[in-house]
Amino acid sequence: MIKCAHQKTGVHMPEDDGKLTDAEMKIVNKWLGEKWVRGSLCYVCGQSDWEVESYLAHAPLIRAGLIARLGEKAYPFILVICANCGHTVFINAVAMGISKGAA
């Protein structure tokens, strides 16, 4: 079962901006319902209790010879987290229809 992380644990990030809207969470849940067919068991611990983080995560682009810096372009991801062990799956938010691309 996949739940929104803040609904299960009551834990939020400190700031309110950047949080996925209810409409975006519906898109995420619909996408996961259609695509998450083989991911029901965590391949680290074997449990099946997953949470969806309510904020986008970003992986910065790193060019040859440079380090990642704040303000650089980044790929947006939805995080799906095993509630038992914390194993985290990054799913491209662009593929889900939540984001328009590298920001």
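The values are calculated or read from the model by the stated rules, or taken from the named source; none is laboratory data. For clarity, every value in this text was computed on a predicted model and none was experimentally measured. Methodologically, a virtual Cβ is constructed for each residue, glycine included, from the backbone with ideal geometry; neighbour enumeration extends over all protein chains shown.
Screening region 27-41 for residues that are part of a loop (DSSP other than H, G, I, E, B) and within 12 Å of I91 (Cβ to Cβ) and picking the one that is modelled with the highest pLDDT gives W36. Counted as qualifying within region 42-103 are the strands (runs of 3 or more DSSP E) with 1 or more residues that are touching a helix residue (DSSP H, G or I) at 6+ places or on another chain (Cβ under 8 Å) and at pLDDT below 90, namely 74-82.
Looking across region 15-26 at every residue that is outside any loop (DSSP other than H, G, I, E, B) and surrounded by fewer than 17 Cβ atoms within 10 Å (Cβ to Cβ), the one that is modelled with the lowest pLDDT is identified as K19.
Filter region 17-63 for residues that are closer than 19 Å to A74 by Cα and in contact (Cβ under 8 Å) with a residue 12 or more places away in the chain and give the result. Scanning region 17-63 gives G18, K19, L20, E53, S54, Y55, L56, A57, H58, A59, P60, L61.
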